[in-house]
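Asks: Structure in structure tokens, see below.
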Amino acid sequence: MEWKKISGGIKIFPDGAFDLKNTFDCGQCFRWNEREDGSYEGIVRGRYARLYRDGDGIVIENCTEDDLGSVWLDYFDLRNDYDSIRKEISDGCPQLTCAVESIDGIRILAQEPWEALCSFIISQNNNIPRIKGIIERLCASFGDESDGGRSFPTAQRLAVLSPEELAPLRAGFRARYIIDAARKVSEGSVRLDKMYEAPIDGCRRELMTITGVGQKVAECTLLYGLHRLEAFPVDVWMKKALSDNFAGVSPDSIGRYAGVAQQYIFHYSRLAEGAVKGGKK
């Protein structure tokens, strides 16, 4: 990937497509918000940034060379060429070619593992506006001050609280799950830092020792928080998408980029569902 320093930030030229809307609004993250001018702003590991497309590149405002190397290269997975990943998925599983070609520019973000775990606990039986609202209140109440807002509170900060103290977040039954997760991560019975390279089945089992964490939340944590690109979150909607459009396709048949393929399957199936509904009208 090439980049250059500009006034107020850094302009990057990723290998492979990088579409901001497709990446930030696909359901993998909840702290990036679109502004009226089409740019996106968010806070990652205590660092605020605003991103927007400029010609053939993307500008990361408020970004230094050190920030690019220590945060953004990994966070936006800029070391990977997603055009090559898309080709590998299609070559290995031709049945998915139509899905891969249905949308461009999605990249899997390498989010902070604790933030991803907590966010997807909050996401259970919830919609994106409510998820974002709960997370915003969580950060405002317990996060540290940061340039442009507040950082995501650490597990250690939340571990000393009770579910009742989270009542102002309006998280409902999820408050108890958040506290249990924070305590297990804080005390070390769930070791997120060991899950980047540990056998994935063991990581799933360890995550599911947390109250309220089932297969879907565990898989989302592995994919979006630990960048285990072979992880493949499945819920009722994804089961239907596979059954209706890709019978016989499984994570094993896709291979090492199953998590990336999952995003294409989800998007393609939404388009297909919309076409069917449109036809009925």
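Asks: Can you pull out the residues in segment 46-70 that are small (Gly, Ala, Ser), surrounded by 13 or more Cβ atoms within 10 Å (Cβ to Cβ) and part of a helix (DSSP H, G or I)?
Replies: Within segment 46-70, Ser70 is the sole residue that qualifies.
Asks: Does Arg150 satisfy the criteria of being more than 15 Å from the chain's Cα centre (by Cα) and free of Cβ contacts under 8 Å to residues at least 40 places away in the same chain?
Replies: no
Asks: What number of residues within segment 12-25 are in contact (Cβ under 8 Å) with a residue 12 or more places away in the chain, farther than 8 Å from Ile106 by Cα and out of contact with any strand residue (DSSP E or B) (no Cβ under 6 Å at 6 or more places or on another chain)?
Replies: The total comes to 4.
Asks: Another question, then. Does segment 237-253 contain any residue that is among the charged types (D, E, K, R), outside any loop (DSSP other than H, G, I, E, B), within 17 Å of Leu96 (Cβ to Cβ) and touching a Ser or Thr at 6+ places or on another chain (Cβ under 8 Å)?
Replies: Yes, segment 237-253 contains at least one residue that is among the charged types (D, E, K, R), outside any loop (DSSP other than H, G, I, E, B), within 17 Å of Leu96 (Cβ to Cβ) and touching a Ser or Thr at 6+ places or on another chain (Cβ under 8 Å).
Asks: In addition: Looking only at segment 209-216, decide whether some residue is closer than 14 Å to Ala155 by Cα, in contact (Cβ under 8 Å) with a residue 12 or more places away in the chain, part of a helix (DSSP H, G or I) and not hydroxyl-bearing (Ser, Thr, Tyr).
Replies: Checked segment 209-216: no residue is closer than 14 Å to Ala155 by Cα, in contact (Cβ under 8 Å) with a residue 12 or more places away in the chain, part of a helix (DSSP H, G or I) and not hydroxyl-bearing (Ser, Thr, Tyr).
Asks: May I ask you to list the residues in segment 29-45 that are surrounded by fewer than 16 Cβ atoms within 10 Å (Cβ to Cβ), modelled with pLDDT of 95 or more and closer than 18 Å to Ala116 by Cβ?
Replies: Asn33
Asks: Please find, among Ala182, Ala171, the residue that is crowded, with 17+ Cβ neighbours inside 10 Å, in the same structural domain as Asn126 (by TED's automatic domain parsing) and part of a loop (DSSP other than H, G, I, E, B).
Replies: Ala171
Asks: In addition: Looking at the structure I just gave you, is Asp252 out of contact with any strand residue (DSSP E or B) (no Cβ under 9 Å at 6 or more places or on another chain) and without any contact (Cβ under 8 Å) to a residue 24 or more places away in the chain?
Replies: Criteria met by Asp252.
Asks: In addition: Please tell me if Val236 is surrounded by 12 or more Cβ atoms within 10 Å (Cβ to Cβ), out of contact with any strand residue (DSSP E or B) (no Cβ under 8 Å at 6 or more places or on another chain) and hydrophobic (A, V, I, L, M, F, W, C).
Replies: no
Asks: With the structure loaded, tell me whether Ile135 is more than 20 Å from Glu41 (Cβ to Cβ) and either assigned to a strand (DSSP E or B) or in contact (Cβ under 8 Å) with a residue 60 or more places away in the chain (or both) or whether it fails that test.
Replies: No; evaluated as a whole, the condition is false for this residue.
Asks: Further question on the same structure: Go through segment 254-277 and count every residue that is of a type in the set (Ser, Thr, Tyr) and in a loop (DSSP other than H, G, I, E, B).
Replies: Within segment 254-277, residues that are of a type in the set (Ser, Thr, Tyr) and in a loop (DSSP other than H, G, I, E, B) number 1.
Asks: Looking only at segment 138-168, count how many residues are in a loop (DSSP other than H, G, I, E, B), modelled with pLDDT of 95 or more and loosely packed, with under 14 Cβ neighbours inside 10 Å.
Replies: 2
The values are calculated or read from the model by the stated rules, or taken from the named source; none is laboratory data. Predicted, not measured: the structure shown is a model, and the values here were computed from it. Don't worry about glycine lacking a Cβ; one is built from the backbone with ideal geometry, like all the others, and counts go over all protein chains shown.
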